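All of the numbers you see were taken from the coordinates with simple rules; none came from a lab. Computed from a predicted model, the values in this text were never measured in an experiment. Note that each Cβ is placed from the backbone with ideal geometry, even for glycine, and that neighbours are counted across all protein chains shown.
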Amino acid sequence: MLVDDFADSELISALGTKWRGVSDKVMGGVSIVRLERGNAEGRAFLRLKGDVRLENNGGFVQAALDLEPSGGVLDASGYRGLRITVRGNSQKYSLHLRTSDATLPWQSYRAHFFASDRWQEIDIPFADFVPYRIDKALDTKSLKRIGVVAIGRAFSADVLISNMYFYE
């Protein structure tokens, strides 16, 4: 199931929801986030750029996407995980999933990937997503949001995503 191929210039996903940039400023941090859509080497992409800073208990920038236009949940239980095509600045990034069980802003399920300076397709099985500050297992029947995240250390984030799918 296609989440997005970034063909829409307004960053409206294939699911009908809009990508948005979020940073630790929502909790008093000072990190700076920029989202932009672009094209390179025949690929449309979403670019997450930003300066991740740790001052004021901060430390993240994120490209976030609600998975259901109605605000409901998406059932991805028929899939094994997420497939992304990425290129970056040779840094570690994360995918965060939120479900209806994640009721507090800091709760999520997290998996990591390395974005090299060449385009690569990466499969991230749901089994690789680790609960963060939540005691419940990942329920793929109740997905609400996905985030591409630069988090946890001071660095300059620069990652491009050209495709995102749930794969079987």
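Here is the list for segment 78-107: chymotrypsin sites (Phe, Trp or Tyr not before Pro) lying in DSSP coil, each with at most 15 other C-beta atoms within 10 angstrom of its C-beta, are TRP106.
Compared with the direct C-alpha span, the chain from ALA14 to PHE155 gains 47.7 nm at full extension, assuming 0.36 nm per residue. Magnitude of the Cβ-charge dipole of segment 10-168, K/R +1 and D/E -1, about the Cα centre, nearest 20 debye? In debye, rounded to 20, segment 10-168 gives about 260. Placing a label point 7 Å from the Cα of GLU121 along the Cα-to-Cβ direction, the residues of segment 35-65 whose backbone N falls under 17 Å from that point are 42-45. Which FRET efficiency value, to the nearest 0.05, is calculated for LYS141 and VAL22 with the Förster distance at 25 angstrom and r the Cβ-Cβ distance? Calculated transfer efficiency: 0.50. Per residue, the convex hull around the alpha carbon atoms of segment 2-167 comes to 102 Å³.
Separation of the alpha carbons by more than 21 angstrom is noted, of LYS18/LYS136; LYS18/LYS49; LYS25/LYS141; LYS18/LYS144, for LYS18/LYS136; LYS25/LYS141. Ordering SER13, GLN107, GLY28 by Cα displacement along the dipole of segment 2-167 toward the positive end leaves GLY28 in first place; charges were set at the Cβ atoms of Lys, Arg (+1) and Asp, Glu (-1).
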